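Here's the structure we're looking at; comments come further down.
Every number here is computed from the coordinates shown, using simple stated rules; none is lab data. As the structure is a computational prediction, the values presented were derived from the model and not from experiment. Because the Cβ atoms are built from the backbone with ideal geometry, glycine has one as well, and the counts that use them run over all protein chains shown.
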Amino acid sequence: MSSESSMDWVETRCHRILDANLDRAREGLRILEEWCRFGLERADLSATCKALRQEVGSWHRPKFRQARDTTHDPGTSLSHPQERQRTDLNAVLLANCARVQEALRVIEEYGKLIEGDLSDRAKAMRYQIYVLESQLQSRDRLSRLRQARLYLVTSPHPRLLEVVEAALSAGLKLVQYRDKQQEDATRLETACRLAELCQRYGALFLVNDRVDLALACGADGVHLGQQDVPMDVARRILGPDRIVGRSTTSPEELARANAEGADYVGVGPIFATPTKPGKAAAGFDYLGYARQQAQQPFYAIGGIDVSNAAAVVAAGADRLAVVRAIMEAPDPKAATAELLQML
Ligand SMILES: Cc1ncc(COP(=O)(O)OP(=O)(O)O)c(N)n1
Ligand SMILES: Cc1ncsc1CCOP(=O)(O)O
Ligand SMILES: [Mg+2]
């Protein structure tokens, strides 16, 4: 091969790579656009996707298409098992954000050999996709939160991951890691393992009290009590896309949580509970008040189990948070299923 024809050979291969990845980016954007338009009914996000998709289309030069050689492409018949089965909507959105980001990265690198300008634009667009991804995630987190009726708050347990997995396998979609005793290094390790587990089951994962641990393990958010850091500080640290929940025991605390814009509130303790010794019960009166006044989803918590959950629901709760009812149940999966059914 002469040195000139070898350069042509490389260029044709690069055109082929650009052709495939321009198509891949456009397809991924179309999938995201459809959800923004028909799922979220968000004209702004849908318009963003459309503009990005059209821009990618405008980069697609005829010479890239002409280099296409589908019959000899060994990749056309390869597909990963994960591509055939996505666990939930969020997995579809995440997979397609990743697909667009990867395609843009390829365009950015190979574009340097062909057109520097194309490479620069692909890089700029990749950052726009990161922003879009976090916008989609935050919308998605809040809608998943609204769907989650049962909230497991964990307690220290020798088989913590096993118990949580049993509850997740029964359909639980919201978990809070609460451990006041462990050293930070162990807590962080456990939080990371729980975050991964919850993600696998399509469940939201929050960390109790600790914004730093929530950030470090990539949790979906944090639960703050009245003595924890102020909500605006948590939002500043975690960014606008994570969930921040707040405990409330009285109308005054609820009014503050409303004003602060908490994404959800804990309402309780409904009954006195050994999990929070010394904390007086707020009772059904406060539950009824929260039902009228809460501006966000609220979870009744404190002393709730399968024996009294129906009464708590009758008193106005449509969401429950529990510790012992699942963590100390002889069969955590069955207890979760029973509670879920009551909701
Ligand atoms: C859902 C939910 N509600 C209330 C609490 C209690 O939080 P807090 O008052 O900060 O007490 P601790 O849990 O930190 O002991 C909660 N954790 N979750
Ligand atoms: C953390 C917390 N906050 C108010 S009550 C409570 C503990 C609830 O535990 P249990 O469900 O075991 O009564
Ligand atoms: Mg707390």
- prompt: So for the chain, Kirkwood radius off the Cα pairs, Stokes-Einstein at 25 °C and 0.890 mPa s: how many µm² s⁻¹?
  reply: 108
task: Would you mind calculating the relative contact order of the chain from Cα pairs under 8 angstrom and at least 6 residues apart, reporting the percent as a whole number?
output: 13
task: Could you work out the local net charge near Ser250, counting Lys and Arg as +1, Asp and Glu as -1, over the other residues with Cβ closer than 11 Å to its Cβ?
output: -2
query: Ordered by residue, what ³J(HN,Hα) values in Hz, to whole numbers, does the range 64-69 give under the Karplus form 6.51 cos²θ - 1.76 cosθ + 1.60, where θ = phi - 60° and Gly and Pro are x?
result: 5, 5, 5, 7, 4, 9
query: Given H placed 1.01 Å from N in the peptide plane, which residues other than close sequence neighbours of Ile243 have an amide H under 5 Å from its amide H?
result: Gly221, Val222
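Would you kindly state the longest site-free stretch of the chain, with sites defined as GluC sites (Glu not before Pro) in a DSSP loop (not H, G, I, E, B) surrounded by at most 12 other Cβ atoms within 10 Å?
Formally, the longest exposed-site-free interval is 184-343.
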message: Quick check: net charge around Asp184, other residues with Cβ under 14 Å of its Cβ, Lys/Arg +1 and Asp/Glu -1?
response: -2
query: Hey, got the Cα dimensions of the range 167-325 along the principal axes, in Å, largest first?
result: 40, 34, 29
query: Net charge near Ser169, counting Lys/Arg +1 and Asp/Glu -1 over other residues with Cβ under 15 Å of its Cβ?
result: -1
- prompt: Quick one: length gained pulling Gln227 to Val10 fully straight, 0.36 nm per residue minus the C-alpha distance?
  reply: 71.8 nm
message: Can you list residues from other chains, or at least 5 along the same chain, whose modelled amide H is less than 5 Å from the amide H of Gly266?
response: Arg246, Ser247, Thr248, Tyr299
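Of Lys180/Lys279; Lys63/Lys123; Lys50/Lys173; Lys173/Lys279, which sit over 24 Å apart, Cα to Cα?
Lys50/Lys173; Lys173/Lys279
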query: To the nearest 500 deg cm²/dmol, what mean residue ellipticity at 222 nm is calculated for the chain from DSSP H runs of n ≥ 4 alone, each contributing -39,500 (n - 2.57), summed and divided by the residues?
result: -18500 deg cm²/dmol
- line: Projected convex hull area of the range 3-143, Cα atoms, direction-averaged, in nm², equals 9.3
